[in-house]
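Here, each number is a calculation from the coordinates, and none is a lab measurement. Here the structure is a predicted model, which is why all the values come from computation and not from measurement. As a convention, Cβ positions derive from the backbone with ideal geometry for all residues, glycine included, and neighbour counts pool all protein chains shown.
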Amino acid sequence: MSSLDPSGEQGRSLWQDAIARLGQNRLAMLGLYLLAFMVIIALLTPWIAPYSYETQQLDLGAIAPNARHWFGTDTFGRDLLTRIMYGGRVSLAVGFIATAVALVIGVLWGAVAGYIGGRTDAVMMRIVDILYALPFMIFIILLMVVFGRSILLLFLAIGCVEWLTMARIVRGQVLALKQQEFIEAAVVIGLSHWQIIYRHIIPNILGPIIVYITLTIPSVMLLEAFLSFLGLGIQPPQSSWGLLISYGVETMEEYPWLLLFPGLVLSITLFALNFLGDGLRDALDPKASKD
Amino acid sequence: MLTSLRCVFIITLLSLLTAACGPMDNNVDTGTAGQILHLGNGSEPPSLDPHLSTAVNSSNIISTLLEGLVTPNPKTLEPEAGAAISWDISADLRTYTFHLNPDGHWSNGEPVEASDFVYAWHRLLMPELAAEYSYQLFVLENAEAFYKGDITDFNQVGVKAIDRLTLQVRLKAPTPYFLSLLSHASTFPVHPETVAAYGDIDDPGNLWTRAGNFVGNGPFILTEWALNRIVRVEKNSHYWDADTVALEEIRFYPIDNLGTEERMFRSKTLHLTVGVPEEKIARYAKDKPELINISPYLGTYFYRFNVNKAPFDDSRVRRALSMSIDRQQIVDAVTKGGQIPTYNLTPANTLGYTAKAAIPFDIPAARQLMAEAGYPQGKGFPVVELLYNTSEGHRKIAIAIQQMWKLALGVEIRLFNQDWKAFLETEKNGDFAIARGGWIGDYVDPNTFLDMFVSNGGNNRTGWSNQKYDQLIQQAGRTAGTDQRFEQFQQAEKILIDDSPIIPIYTYTAIYLKSTDVKGWYNNVLNAHPIKYVYLQRDD
């Protein structure tokens, strides 16, 4: 017996395992492809958009989908497909960037608070409570008023508000994990605190984090639409999916396609996100049995 | 136990359902039965103080709570008896003697006296109150001097209480539209003790206009003012003509989204709306013509420039922007409500006056002007903001114009919207580059449009000032002959249009939805509907 491993198999890391599991999940892969498609379209929009997103044809007005305008035109005679493509750039960017901001702040804050515990935890979580108590619209409006109206700030402002729930979820998970034997073992073998947080705690709480991310992305997309409508986000002639939908709702009875297509695109994206999120959660769960 | 609970639950649910399905369960039907008028009122009213309000949605409410010396006839707008039962005009047309109605009472039962008018007009003219409408009374002898602080004794101003019920007004010149001024909210009386009870007379933040505090002499009293929700007024039993008043109650809802308002109208929540979403106008006109009203309206939709800030301190730039808007296309494709494109300020045929001055629609010439001003093809032109108050209609017009400017002149304009109160504040502080404006005539005379832009006029708001213009408007105020007066207005309007501190866009039409239950409601160019003649009755 020269080897303990008779089959001669290479050891597989947790990540390789996860990717393999994800690859077997058809729905998750579909979600991934759809999202990748949306992102690629959004990135290529300036080169592949069929029309200009701002050039108006007032004489044309709103016309139903046809061979020249696949998704029809809006009341200014602007091609809806083009506007959805450009809107996607804003919505996807807001969705991903604002969520990433929320993710980074929330996970770090929650993990540190939960891991250190004691007085630090109490202080950190009271800060979260205080920020929770602020009506968040007022908070965002305040940020926008102080720092001016730019898209980048919009991302940050939304992210700065959305991290609170993330921090709470993460802290709760960390508190539970901290008691478990493998963490004690890690402490015993002399890993530093950062290594423990990074290598043991965060991988174990990825599940709830990912589920929460898939919920945050759509909500920040809608928040952006709301802020833009109030004059705090992006301004015409630029648009986003949320704004296209909110304008579409108003003319729903006369020009249903103005609501239908942006709504459809947003729904597909959200479905894709949810499928992918579910798949990732299953794939990344370290407790899932190795087979 | 469980089953009996469930039974109770089901019964409650059923009774709720049947109640909800009853024929009477909507505002319009119950309102018509109980003479309660439900109406949309645009944005939240910024103020209910007659001396401080400039917004149409405020004056809609104020004119139910207070009554001026005269009230307009609902059909012809001829002045009729209001707080004054009759009046004499001197031979030189400069002295008016008003005889107040001895039955006139405030809503707390106290009589309306001539001194109340003197008090109110004094308040309007106080420089400390800084009322934007104070210039309405500059037709009075010495009123302007008092407002400017040149005289401090109000007794020298041309308004006197001769006795308890006689008010004498001395004008600085014969003013043909003086009587119609008196049905405008800014000249309404206020109850002196009430104003004094809730703050200083010249304090713009005086709380006397709150529900419960308000004392008025109009057909209704203010019973509720819930911010962004409702303003409710109920019939005033102390009103001298209470027998004529048919309505028991009026509820004003602030709804600044026309789409929402239209849905509320359709679900019979409102008797009346302030507007109609433009994409629905054609359908109503075709399918339900009895519900939609489209009639001429004495008002101009325009944009103001801030002439104190570059680049709009240069009249060539202002003219160029004004010259490159295709107004015909805006009314045809964007507003769609039969509005008339306008190239000057005063609506055509205002009391027979039609301005000859007009800004041309001429893109090549506009480009030439921009080049002369140092912005060939828009190069070097700063990014400026176009400010409008939050509303679908304004947004659409702004988007269309933004694109027209970009195509014609190569300039980038950013759009920015604020809610109505914040918008008025920003505009008043001069914190804008271009701002949306609209002006509805306060009376039928070119003066109501043109005197807005005299130097430092409260509603000027552009910072524009032209001495020759001021002189012409003043002269016109002193001129009795109509032809001569109109000639002075023509000259003044030419100066205004040539220098372009504003961009006139279109002449309004009054477009709104009205339930067939609303009676006693007549069309006129001021879209004024004296509420005491309005009643609700179902057609069967």
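List of remarks:
- Cα→Cβ-extended label distance, 7 Å offset, between residue A:137 and residue B:78, nm: 5.0
- Taking all Cα pairs closer than 8 Å and separated by 6 or more residues, the relative contact order of chain A comes to 28 percent.
- Here region B:353-505 is treated with +1 on each Lys and Arg Cβ and -1 on each Asp and Glu Cβ, and its dipole about the Cα centre works out to around 320 debye.
- Distances between placed amide hydrogens fall under 5 Å for residue B:415 paired with B:386, all partners being 5 or more residues away or on another chain.
- Calculated from backbone phi, Karplus (6.51, -1.76, 1.60) coupling profile of region B:372-383 in Hz, x at Gly/Pro: 4, 7, x, 10, x, 6, x, 5, x, 6, x, 6
- Shape category assigned to chain A from the gyration tensor of Cα positions, a/c cut at 1.5: oblate
- Cα centroid of region B:429-478 to Cα centroid of region A:165-212, whole Å: 69
- In this Cβ point-charge picture (+1 for Lys and Arg, -1 for Asp and Glu), region B:371-438 has a dipole of about 180 debye about its Cα centre.
- Residue-by-residue Karplus 3J(HN,Hα) for region A:195-206, coefficients 6.51, -1.76, 1.60, Hz, glycine and proline x: 5, 5, 4, 6, 8, 10, 7, 4, x, 7, 10, 4
- Dipole of chain B, positive direction: furthest Cα of B:186, B:480, B:509, with charges on the beta-carbon: B:509
- The H on the amide N of residue B:42, modeled in the peptide plane, is under 5 Å from the matching H of B:255, B:274, each at least 5 residues off or on a different chain.
- This model, with +1 at the C-beta of Lys and Arg and -1 at the C-beta of Asp and Glu, gives region A:82-290 a dipole about its Cα centre of some 520 debye.
- Projecting the Cα atoms of A:261, A:75, A:185 onto the dipole axis of chain A, where Lys and Arg carry +1 and Asp and Glu carry -1 at the beta carbon, places A:185 farthest toward the positive end.
- Each residue, residue A:252 and residue A:119, gets one label point 7 Å from its Cα in the Cβ direction; the gap between the two is 5.6 nm.
- Å³ per residue enclosed by the Cα convex hull of chain B: 178
- Ranking B:126, B:429, B:265 by Cα position along the charge dipole of chain B, where only Lys, Arg, Asp and Glu carry charges on their C-beta atoms, puts B:265 farthest toward the positive end.
- Relative contact order (%) - criterion: Cα under 8 Å, at least six apart; region: chain B: 19
- Residues listed by number, region B:148-170, amide nitrogen under 19 Å from residue B:193 label point at 7 Å toward C-beta: B:164-165
- Taking region B:355-508 and dividing mean pair separation by its residue count, relative contact order in percent (alpha carbons under 8 Å, at least six apart): 21
- Whole-Hz couplings from phi, Karplus 6.51/-1.76/1.60, listed for region B:245-260; x for Gly and Pro: 6, 8, 5, 8, 7, 10, 10, 9, 9, x, 10, 8, 9, 5, x, 4
- Per-residue shielding of A:54-61, expressed as the average number of other chain Cβ atoms within 10 Å of the residue Cβ, stands at 5.
- The stretch between residue A:104 and residue A:219 holds 39.7 nm of extra length on full extension. This uses 0.36 nm per residue minus the Cα-Cα distance.
- For residue B:508, the residues 5 or more places off, or on other chains, whose built amide H falls under 5 Å of its own are B:299, B:300, B:301.
- All C-alpha to C-alpha distances of the protein assembly as shown, sorted into 20 Å bins beginning at zero, yield P(r) values of 13, 38, 31, 14, 4, 1, 0 percent in whole numbers.
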